[in-house]
Amino acid sequence: MPSVFTWTVRVYYEDTDAGGIVYYANYLKFYERARTEWLRSLGIDQQTLRDRDGAIFVVRSANIDYRASARLDDEVTLTLNVEKLGGASVHFSQQAWRGDTLLSSADVKVGCVDAATMRPRSLPDVAAAKMRPA
């Protein structure tokens, strides 16, 4: 696993607000997509985790700092770093960049829960092994 995962998204009209800038809540969507693509890059399929292991991921907390605005047609590079891998949780540090300009940064904590009960459960062994740094 690389120490920092990078994924790029293009800003579409639907991502912007009346002022023509990315609506603040859409950064949460961008960060979610980057986490999904990170899992995919590790060979972890979330639907398979649900079907085979009965495990799903839920966001426990997200703290976002906004610094600059992205606009229509901008290419935004999202970075993701695992700060801590726990038995039933993952703590991420994420950032959104336009070139050399930091647009926002986020501290996101994700928990693993049982799909049927929504109670905390340990990360499936196969997923946890792939998430650990080499």
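Before moving on, here are some points about what is shown:
- When D65, D74, D53 are checked against the criterion of being surrounded by 14 or more Cβ atoms within 10 Å (Cβ to Cβ), in contact (Cβ under 8 Å) with a residue 24 or more places away in the chain and within 20 Å of D100 (Cβ to Cβ), D74 stands alone in meeting it.
- Output for the stretch 1-23, where each listed residue is open to solvent by 80 Å² or more (accessible area, probe 1.4 Å) and closer than 19 Å to K109 by Cα: S3
- Tally of residues being basic (K, R) and within 19 Å of G87 (Cα to Cα) across the stretch 1-51: 2
- Only one of the listed residues (N26, N81) is open to solvent by less than 80 Å² (accessible area, probe 1.4 Å), within 18 Å of P133 (Cβ to Cβ) and at pLDDT 95 or above. That residue is N81.
- Note on the stretch 113-134: among residues that are more than 17 Å from the chain's Cα centre (by Cα) and of a type in the set (D, E, K, R), the one that is surrounded by the most Cβ atoms within 10 Å (Cβ to Cβ) is R121.
- Selection from the stretch 29-50 of residues that are open to solvent by less than 70 Å² (accessible area, probe 1.4 Å) and of a type in the set (D, E, K, R): R35, E37
- Residue match in the stretch 8-15 (condition: touching a Ser or Thr at 6+ places or on another chain (Cβ under 9 Å) and in contact (Cβ under 8 Å) with a residue 24 or more places away in the chain): yes
- Residues in the stretch 84-112 that are of a type in the set (V, I, T) and in contact with a His (Cβ under 9 Å, 6 or more places away or on another chain) were compared, and the one that is surrounded by the fewest Cβ atoms within 10 Å (Cβ to Cβ) is V110.
- Any hit, the stretch 96-109, residues being more than 18 Å from A34 (Cβ to Cβ) and in contact with a strand residue (DSSP E or B) (Cβ under 6 Å, 6 or more places away or on another chain): no
The values are calculated or read from the model by the stated rules, or taken from the named source; none is laboratory data. What you see is a predicted model; the values in this text were computed from it and never measured. Here the Cβ is made from the backbone with ideal geometry for all residues, glycine too, and neighbour counts use every protein chain on show. Ligands, DNA and RNA are excluded from the accessible area calculation, which covers all protein heavy atoms including side chains. Shrake-Rupley method; radii C 1.70, N 1.55, O 1.52, S 1.80 Å.
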